[in-house]
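Undergrad: Dumping the structure here so I can ask a few things about it.
The values are calculated or read from the model by the stated rules, or taken from the named source; none is laboratory data. Since the model is a prediction, treat every value here as computed from it, not as a measurement. Here the Cβ positions follow ideal geometry from the backbone for every residue, glycine too, while neighbour counts run over all protein chains shown.
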Amino acid sequence: MRWLALMSLAALSWPLIASAQAPAASSLTDAQRERLAQAAERFRAADTNHDGQISRAEADASLPRIAKRFDQLDADGNGQLSADEFREAMARARAQR
């Protein structure tokens, strides 16, 4: 039951987390909204302990490209990737394409 409550909380809070630094939804194209939704889903899937951050072990397990650059992406050096750090990494990767 606790796991279900945590999953529900994570699912409900992600839009708030994602919108904190993201552009206003009305200024995004459908493709940009889709990419943000995909990034949010990858983040949720990788965050297996549902603490709102991705540890190195979680990245190693499900995000190999992120894991390779984990230390570079961990901007504050706390050993965790926050939603903002993850979103910034995804934006930089898209910009390099």
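Undergrad: Wholly within the range 40-97, which helices (runs of 4 or more DSSP H) include no fewer than the required count, namely at least 3 residues that are surrounded by fewer than 17 Cβ atoms within 10 Å (Cβ to Cβ)? Steps first, answer last, please.
TA: Values: elements: 56-62, 64-68, 70-73, 83-96.
Passing ranges, in order: 56-62, 64-68, 83-96.
Undergrad: What number of residues in the range 55-92 are aliphatic (A, V, I, L, M), within 12 Å of Phe43 (Cβ to Cβ) and at pLDDT 95 or above?
TA: Here is the first cut: in the range 55-92, the ones aliphatic (A, V, I, L, M) are 57, 59, 61, 63, 66-67, 73, 75, 81, 83, 89-91.
Of the ones still in play, those that are also within 12 Å of Phe43 (Cβ to Cβ) are 59, 63, 66, 81, 83, 89-90.
Now restrict to residues that are at pLDDT 95 or above: 59, 81.
Matching residues across the range 55-92 total 2.
Undergrad: Mind listing whichever residues of the range 76-97 are within 27 Å of Ala31 (Cα to Cα), without any contact (Cβ under 8 Å) to a residue 40 or more places away in the chain and more than 13 Å from the chain's Cα centre (by Cα)?
TA: Selection gives Arg92, Ala93, Ala95, Gln96, Arg97.
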